[in-house]
Amino acid sequence: MTEIIKEDTYDPAYLEALFAAEQRHFWFLARNRLIANVVRRSLKQQSPGSRILELGCGNGNVLQVLIDAASASRVTGMDLFIDGLRFARRRVECGLVQGDLHQAPFRSCFSLVGMFDVLEHMPDDRLVLNDLRQMLTPDGILVLTVPAYPALWSYFDVAAKHARRYTQESLTAVLQAAGYEVQQVSYFMALSFPLVWLTRRMAKNNPPPGSEELDERVVNELRIIPGLNGLAAAALSLEAIWVGAGRRLPFGTSLVAVARKR
C-alpha cells in the first residue's frame, strides 16, 4: 500500500519546544492524568500481561504514563518519524519502532492501542482507524484523544498541521464507520474552555504557516506561567478523575474516546 502519512501532517520544528513543555505545562499534565485513569480502567477488561502500543508516540511524553499505568503489560511506542523517537529514547526504555501504520509490522498483537492527539493530523481518519484495527486482538481496545470543536480552530491548529477538530458526534460516527463499538466518548479540558473560546474569538487572524508570528504564538502558548500553571493543573486533575471513571463532561477543548474492536 502506498504510504499515506506525509511530512505535511506534522512539523518537526516544534519537537524541542514540546519536549521542554510536556513535563510541566498544565495541559499535558492534565491530559496525562486522564489518559492514565482511562487506560487503567480499560485494562481491567483485558488479561494480565497485555501488550500495549502507542501509535504516533512522538517525543514519548505519554509512553511513561502508559508504562506506569500498566506495570504488568509490555508497552511499545511507534512513530513514522525518527526525530520524535530520538527524543522518546531520552525518556523511556521500552520498545520503540519506526513504522507506518498502513504498512504495520504488527498483526493482531495488542490488547490496547493508544493514539493521543494524532488522528486529527491524518487526511483520511477513517482509513487510519480501519488499518489500526488490524493491530488489535479480537477484543482489543482503542483509546484516543483529539482536539474538540471546529469553532475553536486557530493558529495553533495551523502550526500543528491539523486536518480537523472533532465534535462528540463526528468522532463517534467515524469510529463506528471504521468498525468499532464505542464505549465512551467525552469532552475534557472543560475548565479551560471559556478562556480558549474567548481568545479564539478575539484573534483577528491566523498568521500564515512558516511565519515568525506563527512561531511566536505557538511558543507563547507553551510558556509555563508559575502559579497559574499549577492551579490549572490541579483544577483539571478533577476532570481526570471524573472522566477516567467512565463519566462524561458536556463540553471541553478536547475529546477522549474508548472503543472496542468489533
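Computed from the coordinates by the stated procedures, all read-outs in this text should not be read as laboratory data. Computed from a prediction, not measured in an experiment: that's the story for all the values here. A quick note on method: Cβ atoms are made from the backbone with ideal geometry, for glycine too, and the neighbour counts reach across all protein chains shown.
Name the shape class, rounded, prolate or oblate, that the alpha-carbon gyration tensor gives for segment 154-262, where a ≥ b ≥ c are the square roots of its eigenvalues, rounded holds for a/c under 1.5, and otherwise prolate holds if a/b is larger than b/c and oblate otherwise.
Details: a/c = 2.51, a/b = 1.38, b/c = 1.82.
Oblate is the answer for segment 154-262, as a/c is 1.5 or above yet b/c matches or exceeds a/b.
Pull up the DSSP beta bridges for segment 7-261 and report the antiparallel fraction as a percent, rounded to 5.
For segment 7-261, the DSSP antiparallel bridge percentage is about 45.
Give me the percent relative contact order of the chain, please, defined on Cα pairs under 8 angstrom at least 6 residues apart.
25
Please list, ordered by chain and number, the residues whose modelled amide H lies under 5 Å from the amide H of residue 80; skip anything fewer than 5 residues away on the same chain.
Long-range HN contacts for residue 80: 56, 99.
Helix-only mean residue ellipticity at 222 nm, the chain, DSSP H runs n ≥ 4 weighted -39,500 (n - 2.57), per residue, nearest 500. What is it?
One gets -11500 deg cm²/dmol as the mean residue ellipticity at 222 nm.
Principal axis extents for segment 197-261, Cα atoms only, whole Å, descending order, please.
So the extents along the principal axes, rounded to whole Å, are 42, 36, 22.
Considering only 167, 199, 137, give the residue with the highest GNM mean-square fluctuation for the chain, with springs between Cα atoms whenever their separation is below 10 Å.
Largest GNM mean-square fluctuation: 199.
Can you give me the relative contact order of segment 154-262 as a percent, contacts being Cα pairs under 8 Å and 6 or more apart?
53
To the nearest 0.05, how large is the calculated FRET efficiency for residue 108 and residue 173 if R₀ is 35 Å and r is the Cβ-Cβ distance? Display every interim value, and only then the final one.
Details: r = 25 Å, r/R0 = 0.72.
The pair residue 108/residue 173 has a calculated efficiency of 0.85.
First check a/c for segment 1-145, with a ≥ b ≥ c the square roots of the eigenvalues of its C-alpha gyration tensor; if it is under 1.5, answer rounded, and if not, answer prolate when a/b is larger than b/c or oblate otherwise.
Since a/c reaches 1.5 but b/c is at least a/b, the shape of segment 1-145 is classed as oblate.
GNM on the chain, C-alpha springs below 10 Å: top fluctuator among 142, 231, 53?
Comparing 142, 231, 53 in a Gaussian network model of the chain, the most mobile one is 231.
Looking at the chain as a GNM with Cα springs under 10 Å, which of 99, 84, 227 has the largest mean-square fluctuation?
227
Suppose we flag GluC sites (Glu not before Pro) only when DSSP calls them loop and at most 11 other Cβ atoms lie within 10 Å. Which is the longest uninterrupted stretch of the chain?
94-262
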